[in-house]
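Input: a single structure, listed below in structure tokens.
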């Protein structure tokens, strides 16, 4: 496969991982005891977005590395990938 294909696959894994990582460690304003007047008590007290982006990158890199290793070693044959990616008959 070409580099662009690997990059696209990594981006898809990263994007899906982001949505899995976003709820990690979230405390709403009500739980933190710091409700800002005029805001929803269920809104996050602290976003910590940079930490979540870092964790997303780490987890996505590990997942991509495992999938690349399996593909490179022939544990996931190309024919199988073609068969499951084909449109239904």
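No value in this document is a laboratory result; all are computed from the given coordinates. Treat the numbers as computed from the prediction; the structure is a model and nothing was measured. Glycine gets a Cβ as well: all are built from the backbone with ideal geometry, and neighbour counts include every protein chain shown.
Below are the figures for this structure:
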quantity: Förster radius 25 Å - calculated FRET efficiency between residue 28 and residue 59 (Cβ-Cβ, nearest 0.05); calculated: 0.60
quantity: The chain, Rg to Rh (Cα coordinates; Rh as Kirkwood inverse mean 1/r); calculated: 1.20
quantity: Rg [Å, one decimal], Dmax [Å, integer] - the stretch 49-89, C-alpha atoms; calculated: 14.8, 45
quantity: Helix 49-72 vs. the chain, principal-axis angle (Cα, 0 to 90°, nearest 10); calculated: 20 degrees
